[in-house]
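Report on the following structure.
The values are calculated or read from the model by the stated rules, or taken from the named source; none is laboratory data. Source: prediction; values computed, not measured. No Cβ is skipped: glycine too gets one built from the backbone with ideal geometry, and neighbour counts run over all protein chains shown. In case anyone asks, the SASA skips ligands and DNA or RNA and just uses the protein heavy atoms, side chains included. Shrake-Rupley method; radii C 1.70, N 1.55, O 1.52, S 1.80 Å.
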Amino acid sequence: MKLSNRIIKMQESVTLASSARAKELREQGHDILDLTLGQPDFQTPTHISQKAIEAIEKNQVSFYTQASGLPELKEAIVTYMKTFYGYEVTRDQVLAATGAKFVLYAYFMAVLNPLDEVIIPTPYWVSYADQVVLAEGLPVFVAAKEANDFKVIPDQLEAVRTDKTKVLILNSPSNPTGMVYTKEELLAIGAWALEHDILILSDDIYGRLVYNGNTFVPISTLSDALREQTTVINGVAKAYSMTGWRVGFAVGNADIIKGMSKILGQTTSNLTTVAQYAAIEALTGQQDAVEEMRHAFEHRLNTIYPLLKAIPGFSLAKPQGAFYFFPNVKEAMAMKGFDDVTAFTNAILEKAGVALVTGTGFGAPYSVRMSYASDLETLKEAVNRLSVYMSEPS
Ligand code: PMP
Ligand code: GLU
């Protein structure tokens with residue numbers, strides 16, 4: 001066998017794998033509604049793309065930049081933090097790289113020694129655990145209770161803390177549950193992290209996408225001590241509909257940022273230069289399009305949630321942010337004779353023509369994920385197909 005043990009042990013990304021499968025079936029002519037990927041269905045706002053075009057026309061994009069990003073982009077991130085988080089950072093506390101996914105990887109590579117433990121509340125976004133393992137750390141899962149809207153509390157964290165615990169991952173609004181931590185909940189978790197000197201990795205990528213009067217509270221804004229303890233991961237993909245541009249960023253302690261920049265220097269080098277010019281405009285230009293898209297997601301959420309909840313065997317609390325439904329389908333599985341959620345997800349794909357993502361990759365064996373970053377007609381048709389499938393005799 002020529003492959004490394006690392007690759008053999010590693011899981012494929014279930015989100016990307018299910019999206020690839022849905023595309024393949026569609027290409028073969030099957031009628032598939034693809035609700036797998038979390039990517040906005042809007043075009044990148046024109047004023048952002050226009051800046052990229054201008055940068056090409058001005059011959060600004062032919063060359064490498066600093067591995068950690070153009071000074072102008074770092075300055076844009078500094079401005080963004082001031083505007084949306086309300087605090088000042090310096091340029092040596094920020095970096096930009098090829099998507100938030102790679103920024104996360106650079107973080108784990110920069111802070112973890114072999115077998116350092118990283119607490120990951122479940123359900124969690126699919127890539128955290130494998131990235132921690134790639135960096136030779138140990139993921140420690142803590143099951144957030146569905147009755148507590150899938151949010152963990154300090155007692156649960158304390159129960160798994162050891163002297164190897166190095167990092168706690170927080171992702172609010174959450175992919176996949178859509179739940180948002182309140183200020184009080186974060187203060188309690190933050191106090192626990194500070195008491196035991198545990199680093200906080202706050203993945204804020206859905207921070208601009210909260211609905212129905214809920215608010216996003218970044219843990220890094222709650223005190224100076226919490227800001228120093230936290231590395232913020234963010235990006236332009238979700239809020240600005242720029243998944244394909246691949247721009248993510250990190251903000252935090254200057255030593256950690258320097259460590260992460262070293263990783264960039266020896267792996268990707270800078271993220272694509274033209275994308276950096278687009279990101280500057282996204283972060284500091286006109287923000288109206290973000291609100292328009294947020295509004296569209298909110299409307300989809302409010303329209304589809306009651307329909308999805310009414311499907312026999314599906315149960316879920318109303319998501320507050322991001323753009324995913326994450327119903328518990330344990331009863332639905334029993335009704336259809338399944339005890340494995342991946343097999344159930346595959347049956348939905350084959351029999352109902354609706355592509356969802358199995359909960360297993362998110363650490364949730366009785367849930368499926370449905371992205372609502374898709375147009376309303378497709379979403380309505382998908383819930384309709386699911387209802388029909390669930391009411392057919394199995
Ligand atoms: N964090 C979370 C929670 C995500 O859902 C995603 C998905 N895109 C990312 C990070 C990575 O974002 P990017 O597309 O910028 O790599
Ligand atoms: N983050 C998105 C999702 O969860 C995009 C796919 C990925 O990067 O995993 O669907």
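Below is a table of values for the structure above.
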quantity	calculated
Hits in the range 261-310 - residues which are in a loop (DSSP other than H, G, I, E, B) and surrounded by fewer than 20 Cβ atoms within 10 Å (Cβ to Cβ)	267, 268, 269, 272, 285, 286, 287, 310
Residue count, the range 217-232 (criterion: β-branched (Val, Ile, Thr), open to solvent by 10 Å² or more (accessible area, probe 1.4 Å) and assigned to a helix (DSSP H, G or I))	1
Cβ-Cβ under 6 Å pairs, at least 6 apart or on other chains, the range 213-237 side at negative phi, far side at pLDDT below 95	none
For residue 154: the one exception among (1) closer than 17 Å to residue 198 by Cα; (2) buried (at least 22 other Cβ atoms within 10 Å of the Cβ)	(2)
Qualifying residue in the range 246-259 (condition: among the charged types (D, E, K, R), within 19 Å of residue 68 (Cα to Cα) and assigned to a loop (DSSP other than H, G, I, E, B))	yes
One residue from 252, 235 being crowded, with 23+ Cβ neighbours inside 10 Å, closer than 25 Å to residue 92 by Cβ and within 15 Å of ligand 1 (Cβ to nearest atom)	235
The range 315-337 residues that are of a type outside the set (Phe, Trp, Tyr) and within 16 Å of ligand 1 (Cβ to nearest atom), paired with ones that are open to solvent by 10 Å² or more (accessible area, probe 1.4 Å) and not in a loop (DSSP other than H, G, I, E, B) (beta carbon under 8 Å, 6 or more apart)	319/305; 320/210; 321/210
From 70, 3, 25, residue being surrounded by 13 or more Cβ atoms within 10 Å (Cβ to Cβ) and modelled with pLDDT of 95 or more	70
Candidate set: the range 157-188, residues that are part of a helix (DSSP H, G or I) and open to solvent by 10 Å² or more (accessible area, probe 1.4 Å); chosen: the one nearest to residue 205 (Cα to Cα)	183
Extreme residue, surrounded by the fewest Cβ atoms within 10 Å (Cβ to Cβ), among residues of the range 200-216 that are within 16 Å of the chain's Cα centre (by Cα) and assigned to a loop (DSSP other than H, G, I, E, B)	216
Single residue of 105, 124 found to be in contact (Cβ under 8 Å) with a residue 24 or more places away in the chain and assigned to a loop (DSSP other than H, G, I, E, B)	124
From 89, 140, residue being closer than 18 Å to residue 361 by Cβ, more than 16 Å from ligand 2 (Cβ to nearest atom) and touching a strand residue (DSSP E or B) at 6+ places or on another chain (Cβ under 9 Å)	140
